[in-house]
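Let me begin by presenting the structure, written as structure tokens, before commenting on it.
Just so you know, all these numbers are worked out from the coordinates, no wet-lab data involved. Keep in mind that what you see is a predicted model, and the values were worked out from it rather than measured. Note that we place each Cβ from the backbone using ideal geometry, even for glycine, and neighbour counts take in every protein chain shown.
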Amino acid sequence: MRITLEDGPYFTFVIRAETGESRLVQHDTDFPPVAASFGWPGQYDGSLEAIWEAYAFLDQHVGDTADDPGYF
């Protein structure tokens, strides 16, 4: 199944499945693994810098699709 990255409310993102189901991505520590699902080359080391790098990557890739790694 494919997933699509969408903008969410108030500095969040939404992952939407082909079936229409969605998941809100809102916690700081959720940004790196979701970004990795969409091809982020960074590595999450627990730092705030990595969280913000992942967030910036997601922000630049809204509308992208990827294979669902198991969110749905």
Check your understanding: Counting only residues that are of a type in the set (Asp, Glu), within 11 Å of the chain's Cα centre (by Cα) and over 17 Å from Asp28 (Cα atoms), how many does the stretch 42-67 have?
Key -> 1
Review point. Before we move on, is Phe57 surrounded by 16 or more Cβ atoms within 10 Å (Cβ to Cβ) and out of contact with any Lys or Arg (no Cβ under 6 Å at 6 or more places or on another chain)?
Key: yes
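Identify the residue in the stretch 9-47 that is of a type in the set (Gly, Ala, Ser) and surrounded by 17 or more Cβ atoms within 10 Å (Cβ to Cβ) and, among all such residues, is nearest to Phe72 (Cα to Cα).
Looking only at the stretch 9-47, we keep the residues that are of a type in the set (Gly, Ala, Ser), and these are 17, 20, 22, 35-37, 39, 42, 46-47.
With surrounded by 17 or more Cβ atoms within 10 Å (Cβ to Cβ) added as a condition, the list becomes 35-37.
Numbers: Ala35: 16, Ala36: 16, Ser37: 13 Å.
Checked the stretch 9-47; the qualifying residue nearest to Phe72 (Cα to Cα) is Ser37.
Please work out if Glu6 is exposed (fewer than 11 other Cβ atoms within 10 Å of the Cβ) and not in a loop (DSSP other than H, G, I, E, B).
No.
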Exercise for review: Of all residues in the stretch 9-38, count the ones that are in contact with a strand residue (DSSP E or B) (Cβ under 7 Å, 6 or more places away or on another chain) and in a loop (DSSP other than H, G, I, E, B).
Suggested key: 3
